[in-house]
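Chemist: Handing you a structure now.
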Amino acid sequence: MRLVGLILGLVLVFPVFPLGRWQAFTLDTAQFAFIVTVLALSWDLLARTGQLSLAQGAFFGLGAYAAGLSAPALGTIGGLLLGAAVAALSSLLLGLATLRLQGIYFAIATLAFSEVMRTLVLKAEFTGGATGLPVAPAFGGSWVLGGYYLAAAVLVLGVLTSLWVGRSRLSYAQAAARQGEAVARVLGVAVVRVKLLSFLLSSALAGLAGGVYAMKTLFLSPYDAFGLGRAVEALVIPIFGGLYTTLGPLLGGLLLVALETWLRLEIKDGYLVVYGLILILAILFMPKGLVGLWRARGKTAKEDRNA
Amino acid sequence: MELLLQTLLNGVLAAGVYALVASGLALAVGVVGIVNFAHGEFLMIGAFVSYLLFAARGIDPLVSLGVAAVAVFLVGAISYYGLIRPVLSAPELNQMLLTFGLSVLLQNLALLLFGADTRVVSPPYQGATLSLGGLSFGVVPFAAFGLSLLILLGLYWFLGRTRLGFAVRAVAQNRLAPGLLGIETQQVYLLAFGLSAALAGIAGVMLSVMLYASPTVGFAYTLKAFAIVVMAGLGNLRGVLWAALALAMAEALVSTYVPGGGGWVEAVFFLVIFAVLTWRSWRRT
């Protein structure tokens, strides 16, 4: 908890650090890291109910395209909100159809959903299709650090949402739905409603992150915005950092994106190999992630509740 | 009328390979109880085995079928032994994440080794066509269809007539009782998962001739196989045949009759999944 505050404090004062000619690069990387971390936090929100979403990349892409297309008319903030709304609406449709069934069906449907969304964007006219879509920078580009602080603000929002959900009554319902759906139903937890609410929150946050991403890269293509890479990052980071926590995705996101940036400079395609490897190793040997290693030394009552 | 018949014929021919891939997935889901997101990557490995043998030695894909089946069976067995077995009793979320991780790993490993190019295996008979009463079809798709049917018949014979097949079905029905009756459950899992992978690998060899080999070729087949398995009901092996036929027909019809249908074909499997799941979820409540 204190560590979360410390990291957020560092994020806010980071641009002041005198990094000389590295400053532009580090700020750009940090901005990307914040966006991906929000995506990871959003994935974890749903994972707390035991559901595996492979569509986080699709919500990210939907948010990015909706924000990019509407920002000229609605302004930066309006565009971002619309992006989040579009992502949330599509998750509602997907969730209504699939969240009543076993987790397997949901995972399959989300994977298929993300594939189809990419096909649709690729085929549609108004999205620019395969050519891509140019996007205006945040706040008309008039403020140099505008993009950075926009990403930082969304990161703070994501962290606060994750903390708030973790401390609310919803977290108990989520844990019950995850650990034993039948028991949770008997205890009077409206399991489907809990899952649906978590899915809505999760996808809205992912859509928001996508909008900020669009205004950072200034150019969207279906392969980039809807790529499977986003969905992979979104789930590997929380697992590596520590599932069902706020600190885990935050720490994991900043670490793994730094690693990813370095890898992308070394090898172009195929950097996702490392993500696949981390995912497998973490599931087999470190199912509680970095945070779990940390906490193994001093078990607290809170961890018992979250476990 | 001729166009319709031709379309239906294309659909039937495509259904063979679909049924082969989906039967493998149904085995993994039904017997081992693992939702294998890396199923398409086993197919991809089969396709690359065929390509490498053909490019290096000019070995005919028909021969590669056997080599790939054995090689991918081993890959599946090793994956089961090293990765799947440790998580058999873990939560479902962990199992799915693990196979998804394997999929990402294999796909990108292939990308690092071979690059993103598509490679086609082109034996001399690749472009040969047969015509029958005004309808024409390629020799290769026809042979692939026939081979798929033969292999599936073999699979049904194995499951329905041999002692080992009985053991596989027993384990699929109940996890505990077969062990008490003296069936080595672990070995049955190993066999079923290896077979599941081998079926995908064989399909991969066929696709290396009909389509191409590339690191991402398997991904679409994972999704299509899931669509078929979901339509048939998880683990229902006989339903897979009809479901594969339905999906292939739907795709053939869309590609012929929907204007600009080429890209929309890739959305058909999602509509199938979505419709089936919606139907299932409202029937249950």
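Chemist: A:Phe113: at positive phi, in contact (Cβ under 8 Å) with a residue 40 or more places away in the chain and touching a helix residue (DSSP H, G or I) at 6+ places or on another chain (Cβ under 7 Å), yes or no?
Modeler: Numbers: at positive phi: no; in contact (Cβ under 8 Å) with a residue 40 or more places away in the chain: yes; touching a helix residue (DSSP H, G or I) at 6+ places or on another chain (Cβ under 7 Å): yes.
No, not satisfied.
Chemist: Next question, about the same structure. For B:Phe193, indicate whether it is in contact (Cβ under 8 Å) with a residue 40 or more places away in the chain, within 14 Å of chain A (Cβ to nearest Cβ) and either out of contact with any helix residue (DSSP H, G or I) (no Cβ under 9 Å at 6 or more places or on another chain) or within 25 Å of B:Gly82 (Cα to Cα) (or both).
Modeler: Working: in contact (Cβ under 8 Å) with a residue 40 or more places away in the chain: yes; within 14 Å of chain A (Cβ to nearest Cβ): no; either out of contact with any helix residue (DSSP H, G or I) (no Cβ under 9 Å at 6 or more places or on another chain) or within 25 Å of B:Gly82 (Cα to Cα) (or both): yes.
Spelling it out, it is not the case that B:Phe193 is in contact (Cβ under 8 Å) with a residue 40 or more places away in the chain, within 14 Å of chain A (Cβ to nearest Cβ) and either out of contact with any helix residue (DSSP H, G or I) (no Cβ under 9 Å at 6 or more places or on another chain) or within 25 Å of B:Gly82 (Cα to Cα) (or both).
Chemist: Would you confirm whether any residue within the stretch A:234-248 is more than 11 Å from every other protein chain (Cβ to nearest Cβ), in a helix (DSSP H, G or I), more than 18 Å from A:Leu46 (Cβ to Cβ) and touching a Ser or Thr at 6+ places or on another chain (Cβ under 8 Å)?
Modeler: There is no residue in the stretch A:234-248 that is more than 11 Å from every other protein chain (Cβ to nearest Cβ), in a helix (DSSP H, G or I), more than 18 Å from A:Leu46 (Cβ to Cβ) and touching a Ser or Thr at 6+ places or on another chain (Cβ under 8 Å).
Chemist: Would you call B:Val104 in a helix (DSSP H, G or I) and without any contact (Cβ under 8 Å) to a residue 24 or more places away in the chain? Even if it seems obvious, please write down each step before you answer.
Modeler: On the way: in a helix (DSSP H, G or I): yes; without any contact (Cβ under 8 Å) to a residue 24 or more places away in the chain: yes.
In short, yes.
Chemist: In the stretch A:66-101, what residues are farther than 23 Å from B:Phe274 by Cα and either more than 18 Å from the chain's Cα centre (by Cα) or among the polar types (S, T, N, Q) (or both)?
Modeler: A:Gly68, A:Leu69, A:Ser70, A:Ala71, A:Pro72, A:Ala73, A:Leu74, A:Gly75, A:Thr76, A:Ile77, A:Gly78, A:Gly79
Chemist: More than 10 Å from chain B (Cβ to nearest Cβ), touching a Gly at 6+ places or on another chain (Cβ under 8 Å) and part of a helix (DSSP H, G or I) - does that describe any residue in the stretch A:127-147?
Modeler: Yes - at least one qualifying residue is present in the stretch A:127-147.
Chemist: Would you point out which residue out of B:Leu223, B:Leu234 is within 14 Å of chain A (Cβ to nearest Cβ) and not in a helix (DSSP H, G or I)?
Modeler: Numbers: B:Leu223 fails: not in a helix (DSSP H, G or I).
Checking each option against the conditions leaves just B:Leu234.
Chemist: Report yes if some residue within the stretch B:166-175 is surrounded by 15 or more Cβ atoms within 10 Å (Cβ to Cβ), assigned to a helix (DSSP H, G or I), within 14 Å of chain A (Cβ to nearest Cβ) and over 22 Å from the mean Cα position of the chain (by Cα); otherwise report no.
Modeler: Scanning the stretch B:166-175 turns up no residue that is surrounded by 15 or more Cβ atoms within 10 Å (Cβ to Cβ), assigned to a helix (DSSP H, G or I), within 14 Å of chain A (Cβ to nearest Cβ) and over 22 Å from the mean Cα position of the chain (by Cα).
Chemist: In addition: Here is a check on your reading of the model: is A:Leu187 in contact with a helix residue (DSSP H, G or I) (Cβ under 7 Å, 6 or more places away or on another chain), among the hydrophobic types (A, V, I, L, M, F, W, C) and touching a residue at least 12 places away in the same chain (Cβ under 8 Å)? It would help to see each step written out before you state the result.
Modeler: On the way: in contact with a helix residue (DSSP H, G or I) (Cβ under 7 Å, 6 or more places away or on another chain): yes; among the hydrophobic types (A, V, I, L, M, F, W, C): yes; touching a residue at least 12 places away in the same chain (Cβ under 8 Å): no.
So A:Leu187 fails the test.
Chemist: For the condition acidic (Asp, Glu) and either without any contact (Cβ under 8 Å) to a residue 60 or more places away in the chain or touching a helix residue (DSSP H, G or I) at 6+ places or on another chain (Cβ under 7 Å) (or both), what is the one hit in B:Glu41, B:Glu2? Outline the logic, then answer.
Modeler: Details: B:Glu2 fails: either without any contact (Cβ under 8 Å) to a residue 60 or more places away in the chain or touching a helix residue (DSSP H, G or I) at 6+ places or on another chain (Cβ under 7 Å) (or both).
One residue alone meets the criteria, B:Glu41.
Chemist: Separate question: Do we have A:Leu160 as part of a helix (DSSP H, G or I), in contact with a helix residue (DSSP H, G or I) (Cβ under 7 Å, 6 or more places away or on another chain) and under 30 Å from A:Ala66 (Cα atoms) here?
Modeler: Values: part of a helix (DSSP H, G or I): yes; in contact with a helix residue (DSSP H, G or I) (Cβ under 7 Å, 6 or more places away or on another chain): no; under 30 Å from A:Ala66 (Cα atoms): yes.
No, not satisfied.
Chemist: May I pose another question? The conditions are (1) closer than 23 Å to A:Gln102 by Cβ; (2) within 14 Å of chain A (Cβ to nearest Cβ); (3) β-branched (Val, Ile, Thr), and B:Ile78 fails exactly one of them. Which is it?
Modeler: Unmet for B:Ile78, out of (1) closer than 23 Å to A:Gln102 by Cβ; (2) within 14 Å of chain A (Cβ to nearest Cβ); (3) β-branched (Val, Ile, Thr): (1).
Chemist: Additional query: Any chance you could count how many residues in the stretch B:237-285 are within 11 Å of chain A (Cβ to nearest Cβ), more than 25 Å from B:Ala28 (Cα to Cα) and of a type in the set (S, T, N, Q)?
Modeler: 1
Chemist: So, in the stretch A:256-290, of the ones that are among the aliphatic types (A, V, I, L, M) and surrounded by fewer than 16 Cβ atoms within 10 Å (Cβ to Cβ), which residue ends up farthest from the other protein chains (Cβ to nearest Cβ)? Show your work before the answer.
Modeler: As a first pass, look at the stretch A:256-290 and keep what is among the aliphatic types (A, V, I, L, M): A:256-259, A:263, A:265, A:267, A:272-274, A:277-284, A:286, A:290.
Checking the rest, the ones that are also surrounded by fewer than 16 Cβ atoms within 10 Å (Cβ to Cβ) come to A:258-259, A:265, A:267, A:281, A:286.
Numbers: A:Ala258: 19, A:Leu259: 15, A:Leu265: 15, A:Ile267: 7, A:Leu281: 9, A:Met286: 12 Å.
Only one residue tops the list, namely A:Ala258.
Chemist: Read through the list (1) outside any helix (DSSP H, G or I); (2) modelled with pLDDT of 95 or more, then give the number of the only condition that B:Leu43 fails.
Modeler: Against the list (1) outside any helix (DSSP H, G or I); (2) modelled with pLDDT of 95 or more, B:Leu43 comes up short only on (1).
Chemist: Hey, any hits in the stretch B:129-137 for a residue that's part of a loop (DSSP other than H, G, I, E, B) and of a type in the set (Ser, Thr, Tyr)?
Modeler: As a first pass, look at the stretch B:129-137 and keep what is part of a loop (DSSP other than H, G, I, E, B): B:133-134.
After this cut, where a residue has to be of a type in the set (Ser, Thr, Tyr) as well, the list is none.
Checked the stretch B:129-137: no residue is part of a loop (DSSP other than H, G, I, E, B) and of a type in the set (Ser, Thr, Tyr).
Chemist: Among the residues of the stretch A:206-221, what is the count of those that are buried (at least 24 other Cβ atoms within 10 Å of the Cβ) and either without any contact (Cβ under 8 Å) to a residue 24 or more places away in the chain or of a type outside the set (A, V, I, L, M, F, W, C) (or both)? Let's see the steps before the verdict.
Modeler: Here is the first cut: in the stretch A:206-221, the ones buried (at least 24 other Cβ atoms within 10 Å of the Cβ) are A:206-215, A:220.
Next, only the ones that are either without any contact (Cβ under 8 Å) to a residue 24 or more places away in the chain or of a type outside the set (A, V, I, L, M, F, W, C) (or both) stay: A:207, A:210-211, A:213.
Result for the stretch A:206-221: 4.
Chemist: If you don't mind, another one. Suppose we filter the stretch A:41-90 for residues that are over 28 Å from A:Ala182 (Cβ atoms) and either surrounded by fewer than 24 Cβ atoms within 10 Å (Cβ to Cβ) or more than 14 Å from every other protein chain (Cβ to nearest Cβ) (or both); how many remain?
Modeler: If we filter the stretch A:41-90 for residues that are over 28 Å from A:Ala182 (Cβ atoms), which is where we start, we get A:41, A:57-90.
Subset that is either surrounded by fewer than 24 Cβ atoms within 10 Å (Cβ to Cβ) or more than 14 Å from every other protein chain (Cβ to nearest Cβ) (or both): A:41, A:59-90.
Going through the stretch A:41-90 one residue at a time, the tally reaches 33.
Chemist: I'm trying to understand the selection: among the residues of the stretch B:83-101, which are at the interface with another protein chain (Cβ under 9 Å from one of its Cβ atoms), part of a helix (DSSP H, G or I) and of a type outside the set (Val, Ile, Thr)?
Modeler: The first filter runs over the stretch B:83-101 and keeps only residues at the interface with another protein chain (Cβ under 9 Å from one of its Cβ atoms), leaving B:83, B:86-87, B:90-98, B:100-101.
Narrowing further to those that are part of a helix (DSSP H, G or I): B:83, B:86-87, B:92-98, B:100-101.
Across the stretch B:83-101, the qualifying residues are B:Leu83, B:Pro86, B:Glu92, B:Leu93, B:Asn94, B:Gln95, B:Met96, B:Leu97, B:Leu98, B:Phe100, B:Gly101.
Chemist: Take the residues of the stretch A:91-126 that are among the aromatic types (Phe, Trp, Tyr) and part of a helix (DSSP H, G or I): which is farthest from the other protein chains (Cβ to nearest Cβ)?
Modeler: Here is the first cut: in the stretch A:91-126, the residues among the aromatic types (Phe, Trp, Tyr) are A:105-106, A:113, A:126.
In the following step, the residues that additionally are part of a helix (DSSP H, G or I) were identified as A:105-106, A:113.
On the way: A:Tyr105: 6, A:Phe106: 9, A:Phe113: 7 Å.
Per the criteria, the residue is A:Phe106.
Chemist: Can you pull out the residues in the stretch B:118-147 that are modelled with pLDDT of 90 or more and either over 22 Å from the mean Cα position of the chain (by Cα) or among the hydroxyl-bearing types (Ser, Thr, Tyr) (or both)?
Modeler: B:Thr118
Chemist: Go through the stretch A:213-233 and count every residue that is over 28 Å from A:Gln174 (Cα atoms) and part of a helix (DSSP H, G or I).
Modeler: Matching residues across the stretch A:213-233 total 9.
Chemist: Consider B:Val139 carefully, then state whether it is touching a Leu at 6+ places or on another chain (Cβ under 8 Å), of a type outside the set (Gly, Ala, Ser) and surrounded by fewer than 14 Cβ atoms within 10 Å (Cβ to Cβ). Before the answer, list the steps.
Modeler: On the way: touching a Leu at 6+ places or on another chain (Cβ under 8 Å): yes; of a type outside the set (Gly, Ala, Ser): yes; surrounded by fewer than 14 Cβ atoms within 10 Å (Cβ to Cβ): yes.
Spelling it out, B:Val139 is indeed touching a Leu at 6+ places or on another chain (Cβ under 8 Å), of a type outside the set (Gly, Ala, Ser) and surrounded by fewer than 14 Cβ atoms within 10 Å (Cβ to Cβ).
Chemist: Given the conditions (1) at pLDDT 90 or above; (2) touching a Leu at 6+ places or on another chain (Cβ under 8 Å), report the number of the one that A:Ala58 does not fulfil.
Modeler: For A:Ala58, the exception is condition (2).
The values are calculated or read from the model by the stated rules, or taken from the named source; none is laboratory data. Only a predicted model underlies this, so the values are computations on that prediction, with no experimental measurement involved. Neighbour counts run over all protein chains shown; Cβ positions are idealised from the backbone, glycine included.
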